[in-house]
Amino acid sequence: MRDSYKKIVFLTGAGISAESGLATFRSENGLWNNHRVEDVATIEAYYKNPDYVHDFYNEMKPELWNAKPNKAHLAITKLQKEYPADVHIITQNVDTLHEKAKSKNIYHIHGQINQAVCMNCGQVLETWGDVTSETVCKNCQVMGMMKPNIVFFGENLLYMDKVEELLRSCDLFVSVGTSRVVFPAASFVQTAKYYGADTIEFNLEATSNNFYFDKHVMGKAGETLPKFVDGLLSKVSDS
Ligand code: OAD
């Protein structure tokens, strides 16, 4: 591992928001434990039963609206403010806790809970209110085509050109709180490593296929990430 970095890329998953009280997807009582992915997170499900899918995401909104960023989110913001490198955040999370932590350079590759996208004209609507199959697009005025701006299984991820560029050019890749079972995000570490980045993983436990990481830090991200950030910052003040 190098002593200092010029371009740092974080990949965050549901685990970074766990200490903010939000359920992860695959834990006991996780979101996918109570729902069939095929019913609420596939494009087929949305076309078959849009109301059911809208209800699922509408019901999540109040909790995500009220959630507050935790020490792990804030540590990344601190790094962005105080460390002399370009720091980017690729997040799989549809919550807005990185934004609430006042981070910048955030790429929501799986979409955002507070957005809907018109399947007719592509217009993105920002709203914490309910979206239904009767919502009218403010741009093209067509009703019933507003889909939650969540990337469903079977759809392309967002911002992938930018993500590829970041993975190829970063010198440090940091994965935080993701089980790395959903592709392509699961393989981002491989790309970053291939192009020469140091790679480090923060998780409660060891994830599978984790051999592309130079280092694993186990524990709660709210405890481990601030220490890591302080360690990087101390090396700047030493030099
Ligand atoms: P998962 O629920 O699959 O994994 C969460 C990971 O966070 C697990 O590996 C936990 O061990 C870890 N974890 C939990 N609490 C933690 C803590 N306090 N500190 C550090 N790590 C912790 O969630 P994701 O990997 O984000 O997609 O799931 C990826 C995608 O699967 C989601 O974006 C979602 C889902 O299908 C969409 O909705 C499009």
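The values are calculated or read from the model by the stated rules, or taken from the named source; none is laboratory data. Quick caveat, the model's predicted, so the values are computed rather than measured. All Cβ positions, even for glycine, are placed from backbone atoms using ideal geometry, and neighbour counts span all protein chains on display. Please note that ligands, DNA and RNA were not included when accessible areas were found on the heavy atoms of the full protein model with its side chains. Shrake-Rupley method; radii C 1.70, N 1.55, O 1.52, S 1.80 Å.
Observations
- A simple charge model with +1 on the Cβ of Lys and Arg, -1 on the Cβ of Asp and Glu and nothing else charged puts the dipole of region 122-220 at about 80 debye relative to its Cα centre.
- Taking only alpha carbon atoms, region 19-144 gives an Rg to Rh ratio of 1.01, where Rh is the Kirkwood radius.
- Neighbourhood net charge (14 Å Cβ-Cβ; Lys/Arg +1, Asp/Glu -1) for Thr178: -1
- Taking the chain as a Gaussian network of alpha-carbon nodes connected by springs under 10 Å, the highest mean-square fluctuation of the residues Gln112, Gln190, Gln123 belongs to Gln123.
- Net +/- balance of residues flanking Cys121 in space, Cβ distance below 15 Å, scoring K and R +1, D and E -1: +2
- Stokes-Einstein D (µm²/s) once Rh is taken as the Kirkwood radius of region 75-178 over alpha-carbon pairs, at 4 °C in 1.567 mPa s: 84 µm²/s
- Less than 5 angstrom separates the built amide H of Thr24 from those of Leu31, all sequence-distant by 5 or more or on a different chain.
- Axis angle, to the nearest 10 degrees, between helix 50-66 and the longest C-alpha principal axis of the chain: 40 degrees.
- Against the criterion of solvent-accessible heavy-atom surface with a 1.4 angstrom probe, Val176, Val136 sort, most first, into Val136, Val176.
- Residues whose placed amide H lies under 5 Å from that of Thr135, excluding near-sequence neighbours: Gly144
- The dipole here belongs to the chain: it is taken about the Cα centre, uses +1 on the Cβ of Lys and Arg and -1 on the Cβ of Asp and Glu, and is about 600 debye.
- By the Cβ distance rule of under 4.7 Å, the chain has these cysteines without a partner: Cys170.
- With 23 Å as the limit on Cα-Cα distance, the pairs of Lys78/Lys147; Lys48/Lys100; Lys193/Lys215; Lys100/Lys220 that go past it are Lys78/Lys147; Lys48/Lys100.
- For the chain, the longest principal axis of the Cα atoms and the long axis of helix 160-169 meet at an angle of about 0 degrees.
- Evaluating 6.51 cos²θ - 1.76 cosθ + 1.60 at θ = phi - 60° for every residue in region 8-20, the Karplus couplings come out as 10, 10, 9, 10, 10, x, 4, x, 6, 9, 4, 6, 8 Hz, glycine and proline recorded as x.
- For the pair Arg36 and Glu205, the difference between a 0.36 nm per residue extended length and the Cα-Cα distance amounts to 58.3 nm.
- Solvent-accessible area of Met1, all protein chains in place: 110 Å² (probe radius 1.4 Å, heavy atoms, ligands and nucleic acids excluded).
- Label zone (Glu126, point 7 Å along Cα-to-C-beta; backbone nitrogen cut-off 16 Å) within region 57-94: 65.
- Charge-dipole axis of region 1-149 as Lys and Arg at +1 and Asp and Glu at -1 on Cβ define it, positive-most pick from Val37, Gln112, Val131: Gln112
- For the chain, the longest principal axis of the C-alpha atoms and the axis of helix 221-238 are separated by about 40°.
- Computed on protein heavy atoms with a 1.4 Å probe, the accessible areas place Asp198, Asp238 in the order Asp238, Asp198, largest first.
- Region 181-239: C-alpha gyration tensor shape, a/c 1.5 cut-off, then a/b vs b/c: oblate
- Note on the chain: Cα convex hull, mean projected area over all directions, 12.6 nm².
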